Amino acid sequence: MFLSFISTLNLDGITLLSFKHSLLPHQPSLLQNWNQFDPTPCSWSGVTCSPFSGPVTGLSLPNSHLPGSIPIELARLKQLRVLNLSDNSLNGTLPISIFTTFQSLHVLNLSNNYLFDGIPTGFDYVNILALSSNSFSGALPLLLSGESLNSLNLSRNKLSISVSGINVLDLSSNSFSVAGGSGRRQVMQLPMVVVV
């Protein structure tokens with residue numbers, strides 16, 4: 001396989017090449033500067049590395065025409081802090097087993113893809129979670145993440161909430177506020193009427 005030709009590339013680079021190969025096996029023109037002969041992936045497009053020890057800390061590939069499901073190889077990037085794969089053609093379910101291994105992951109943006117099924121819990125270390133404009137469905141989890149979450153965008157999905165004993169839920173023309181840990185307040189507008 002293609003990994004047999006890699007001799008100097010570090011483990012994070014090998015992981016990223018495996019990620020690329022699983023998503024783009026027949027599209028070598030995408031991510032062209034991801035070179036298997038580089039010693040690290042730090043100069044590759046969309047890749048950010050720690051300046052001191054060199055592990056990959058960010059992968060930002062918005063609008064990169066990435067198809068397919070999110071590969072489990074990403075779980076090997078143990079120091080990843082930012083993952084932005086928004087505005088692509090990713091599909092399938094959200095593999096929470098990958099994201100629960102990222103104890104350093106602070107920003108996760110998978111907006112504007114074709115991800116579906118329910119939104120799992122377990123984003124314990126994430127500060128910013130953007131999953132808007134997908135096809136997530138089902139009930140919104142009550143315990144979506146840990147105390148680190150500061151920003152959550154789940155707009156334009158097919159999520160539901162469970163309210164027993166009510167036939168009509170009208171939350172229009174309100175301003176719901178959510179107090180964050182720092183005392184800042186964010187306002188959410190919910191202009192909707194839901195007939196249960």
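The values are calculated or read from the model by the stated rules, or taken from the named source; none is laboratory data. Worth saying up front: this structure is predicted, and the values here are computed from it rather than measured. Please note: Cβ atoms are built from the backbone with ideal geometry, for glycine as well, and neighbour counts cover all protein chains shown.
Here are some notes:
- Any hit, region 111-126, residues being surrounded by fewer than 18 Cβ atoms within 10 Å (Cβ to Cβ), within 15 Å of Thr15 (Cβ to Cβ) and out of contact with any Ser or Thr (no Cβ under 8 Å at 6 or more places or on another chain): no
- Hits in region 19-29 (condition: in a loop (DSSP other than H, G, I, E, B) and surrounded by fewer than 16 Cβ atoms within 10 Å (Cβ to Cβ)): Pro25, His26, Gln27, Pro28, Ser29
- Any pair with Cβ under 6 angstrom, 6 or more apart, that starts in region 73-90 at a residue that is at positive phi and of a type in the set (Ser, Thr, Tyr) and ends at one that is modelled with pLDDT of 95 or more and crowded, with 18+ Cβ neighbours inside 10 Å: none
- All strands (runs of 3 or more DSSP E) inside region 47-158 with 2 or more residues being closer than 21 Å to Leu23 by Cβ: 47-49, 56-60, 82-84, 89-92, 107-109, 114-117, 135-139
One line per residue, one yes/no per condition, for (1) at pLDDT 85 or above; (2) not polar (S, T, N, Q):
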{"site": "Leu85", "(1), (2)": "yes, yes"}
{"site": "Ile98", "(1), (2)": "no, yes"}
{"site": "Asn109", "(1), (2)": "yes, no"}
{"site": "Ser145", "(1), (2)": "no, no"}
{"site": "Asn157", "(1), (2)": "yes, no"}
